[in-house]
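Report on the structure given below.
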Amino acid sequence: MKDWVECSLGEIFKTVTGNTPSKSEKDNYGSEIPFVKPPQIDNNYLRDSLEFLSPKGKAKARILPINSVLVTCIGNLGRIGLNKKEVAFNQQINAIEPLNGIEPKFTFYQAQSTNFRNQLERLSTSTTVALVNKSSFNSVKFKVAPTPIQKAIVKKIEELFSSLDSGIADLKKAQEQLVIYKQAVLKKAFEGELTKDWRAQQIDLPSAAKLLDQIKEERGKWIESEIENGNSEAKRIKIKLKKLVFSSSDEKLPKSWRWTNFISACVFVIDCHNKTAPYKEEGIYLIRTTNIRNGKLNLIDKIKYVSEETYNFWSKRVYPKSGDIVFTREAPMGEAAIIPKNIKVCLGQRTMILRTSQDLLENKYLLYNILSEVFQQKLRENAIGTGVKHLRVGDVETLSFPLCCKQEQHQIVNEIESRLSVCDKVEESLKESLEKAKALRQSILKKAFEGKLLSAEELAKCKADQDYEPASVLLEKIKKEKK
């Protein structure tokens with residue numbers, strides 16, 4: 001790295017921390033200038049803004065000239081943006097204004113490097129919400145190269161990134177196609193198409209109507225048994241079943257199938273305790289809506305725990321058990337997962353338990369129904385609320401789905417899983433490829449700012465440029481101008 005120098009941001013750049021004109025003065029906001037917040041910054045050019053300031057608000061804000069580099073410095077550290085028009089920005093962002101002799105994109109790409117990000121994390125002053133103030137930000141080390149080398153590095157980075165981004169776009173398109181394919185599989189499964197040939201080879205398959213009668217009989221025995229044992233929830237279910245009008249659908253199904261709904265096809269559907277449970281550092285897993293995604297329980301990320309006492313209180317309506325389906329009715333609604341074996345869980349607010357009789361209604365069959373886009377569309381049609389959409393307990397109970405005999409349920413689950421298992425392998429491969437692409441991007445940036453990206457021939461061409469001068473000379477000029 002001959003002719004390069006390292007200095008701090010504060011030595012050469014003017015850095016600025018944003019601010020927010022008062023929200024209570026509504027005339028601060030209008031359409032004069034974009035007002036940028038961290039969500040709009042994502043290691044790219046700044047393209048969109050959800051808010052704009054009025055001329056009055058602009059006068060109170062800190063305005064960045066074109067080609068400034070914006071860096072998020074509170075919360076999610078180190079997301080980078082480059083503005084192509086004047087913008088205002090809030091206090092969660094520190095910005096580096098452009099400087100003669102330093103290519104804006106040279107700053108922009110260097111700020112995306114792992115070295116730059118690591119410095120921000122080391123300078124962070126909080127263990128709860130990461131924070132890098134302006135003083136600490138100014139101490140971040142920045143490498144300066146001769147101007148012709150800066151330009152050549154930016155050009156080389158963009159050539160390599162262009163090829164890399166094209167590959168990433170193809171990988172993401174493949175991921176999107178997988179999602180479409182999965183939904184096509186589920187749609188065909190619950191239209192009876194996947195088992196059409198299988199069904200034609202069977203003799204005397206029982207009807208779904210007969211199956212519902214069996215479920216009703218078993219549920220009735222369970223209810224009477226529980227009532228005898230003093231279970232008030234069972235008594236409530238019995239009363240509700242007498243009053244409910246069961247919903248159906250006009251959509252056509254195979255001859256032996258029938259439309260039904262949760263409450264008539266499950267042993268019971270019960271809403272969980274609807275308050276926030278007190279957390280503990282260890283104990284029994286608390287399943288919140290955030291722990292349920294894409295048909296699976298996540299017991300690793302963002303997991304909370306509760307005490308035995310809380311578990312018993314929160315489970316007064318029913319104790320969750322292995323094989324139960326947990327269904328979310330809000331934030332987000334319509335997610336579902338099966339409680340696995342050998343695990344004890346407490347269910348948090350906005351979740352419901354769907355318990356099936358495995359001998360009559362296979363829980364995986366019901367789960368895949370819930371995950372299908374056809375079902376999700378019906379769910380959205382039943383949702384209420386102007387802000388956060390949600391489902392009332394009664395609406396969940398009467399959500400309809402197609403039912404077939406137990407033998408065909410089992411066959412359908414096999415047909416689905418044989419296809420989705422292939423999808424899962426492809427999806428894992430795509431994720432690995434995207435991770436490699438992400439690592440390659442950082443490898444390119446690392447080489448660039450270690451002076452190893454350009455070839456000897458490219459370096460020689462830079463040094464032959466009439467504007468070439470060591471970075472130490474450039475740095476002195478910048479310091480003099482700054483004074």
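The values are calculated or read from the model by the stated rules, or taken from the named source; none is laboratory data. As the structure is a prediction and not an experimental result, all values here were calculated from the model. Note: ideal-geometry Cβ built from the backbone for every residue, glycine included; neighbour counts use all protein chains shown.
Would you mind telling me which numbered condition in (1) more than 29 Å from the chain's Cα centre (by Cα); (2) under 23 Å from Lys452 (Cβ atoms); (3) touching a residue at least 12 places away in the same chain (Cβ under 8 Å) Phe161 fails?
(1)
Yes or no: the range 393-401 includes at least one residue that is touching a strand residue (DSSP E or B) at 6+ places or on another chain (Cβ under 9 Å) and of a type in the set (Phe, Trp, Tyr).
Applying the first criterion (touching a strand residue (DSSP E or B) at 6+ places or on another chain (Cβ under 9 Å)) to the range 393-401 yields 393, 395-401.
Still in the running and of a type in the set (Phe, Trp, Tyr): 401.
So far as the range 393-401 goes, yes, one or more of its residues are touching a strand residue (DSSP E or B) at 6+ places or on another chain (Cβ under 9 Å) and of a type in the set (Phe, Trp, Tyr).
Select from the range 356-374 the residues that are modelled with pLDDT of 95 or more and assigned to a helix (DSSP H, G or I) and list them in ascending order.
Answer for the range 356-374, where residues must be modelled with pLDDT of 95 or more and assigned to a helix (DSSP H, G or I): Asn363, Lys364, Tyr365, Leu366, Leu367, Tyr368, Asn369, Ile370, Leu371, Glu373.
Quick check on the range 1-21. Is at least one of its residues surrounded by fewer than 18 Cβ atoms within 10 Å (Cβ to Cβ) and under 28 Å from the mean Cα position of the chain (by Cα)?
Taking every residue of the range 1-21 in turn, none turns out to be surrounded by fewer than 18 Cβ atoms within 10 Å (Cβ to Cβ) and under 28 Å from the mean Cα position of the chain (by Cα).
Give the range 94-146 a look and list any residue that's on the phi > 0 side of the Ramachandran plot and surrounded by fewer than 16 Cβ atoms within 10 Å (Cβ to Cβ), or say none. Break it down stepwise before answering.
Initially, the range 94-146 is screened for residues on the phi > 0 side of the Ramachandran plot, giving 101.
Once the filter is applied, which keeps residues that are on the phi > 0 side of the Ramachandran plot and surrounded by fewer than 16 Cβ atoms within 10 Å (Cβ to Cβ), the range 94-146 yields nothing.
Out of all the residues in the range 42-73, which are in a strand (DSSP E or B) and surrounded by 15 or more Cβ atoms within 10 Å (Cβ to Cβ)? Write out each step before concluding.
As a first pass, look at the range 42-73 and keep what is in a strand (DSSP E or B): 44-45, 51-53, 63-64, 69-72.
Scanning the range 42-73 gives Glu51, Phe52, Leu53, Ile63, Leu64, Val69, Leu70, Val71, Thr72.
So, of the residues in the range 68-89 that are modelled with pLDDT of 95 or more and polar (S, T, N, Q), which turns out to be farthest from the chain's Cα centre (by Cα)?
Filtering first and then ranking leaves Ser68.
Of the residues that make up the range 103-125, is at least one in a strand (DSSP E or B), at pLDDT 95 or above and closer than 17 Å to Ile41 by Cβ?
Just the residues of the range 103-125 that are in a strand (DSSP E or B), to begin with: none.
There is no residue in the range 103-125 that is in a strand (DSSP E or B), at pLDDT 95 or above and closer than 17 Å to Ile41 by Cβ.
Only residues that are closer than 12 Å to Ser8 by Cβ and basic (Lys, Arg): list them for the range 105-153, please.
Lys141, Lys143
Give the residues of the range 321-350 that are at pLDDT 95 or above, surrounded by fewer than 17 Cβ atoms within 10 Å (Cβ to Cβ) and touching a helix residue (DSSP H, G or I) at 6+ places or on another chain (Cβ under 7 Å), sorted by residue number.
Of everything in the range 321-350, just one residue is at pLDDT 95 or above, surrounded by fewer than 17 Cβ atoms within 10 Å (Cβ to Cβ) and touching a helix residue (DSSP H, G or I) at 6+ places or on another chain (Cβ under 7 Å), namely Gly323.
Go through the range 186-231 and give me each residue that's touching a residue at least 12 places away in the same chain (Cβ under 8 Å) and either assigned to a loop (DSSP other than H, G, I, E, B) or among the β-branched types (Val, Ile, Thr) (or both).
If the condition is that a residue be touching a residue at least 12 places away in the same chain (Cβ under 8 Å) and either assigned to a loop (DSSP other than H, G, I, E, B) or among the β-branched types (Val, Ile, Thr) (or both), then Phe190, Glu191, Gly192, Leu194, Thr195, Gln202, Leu205, Pro206, Ser207, Ile215, Ile223 are the ones that fit.
Given the conditions (1) modelled with pLDDT under 95; (2) outside the structural domain of Ile338 (by TED's automatic domain parsing), which single one is not true for Gln442?
Checking Gln442 against (1) modelled with pLDDT under 95; (2) outside the structural domain of Ile338 (by TED's automatic domain parsing), the one that fails is (1).
I need the full set of residues from the range 383-403 which are part of a helix (DSSP H, G or I) and either surrounded by fewer than 20 Cβ atoms within 10 Å (Cβ to Cβ) or on the phi > 0 side of the Ramachandran plot (or both), in order please.
Residues satisfying the conditions are Val393, Gly394, Asp395.
Could you check Leu77 against (1) surrounded by 22 or more Cβ atoms within 10 Å (Cβ to Cβ); (2) under 22 Å from Ser8 (Cα atoms) and say which number it fails?
Unmet condition: (1).
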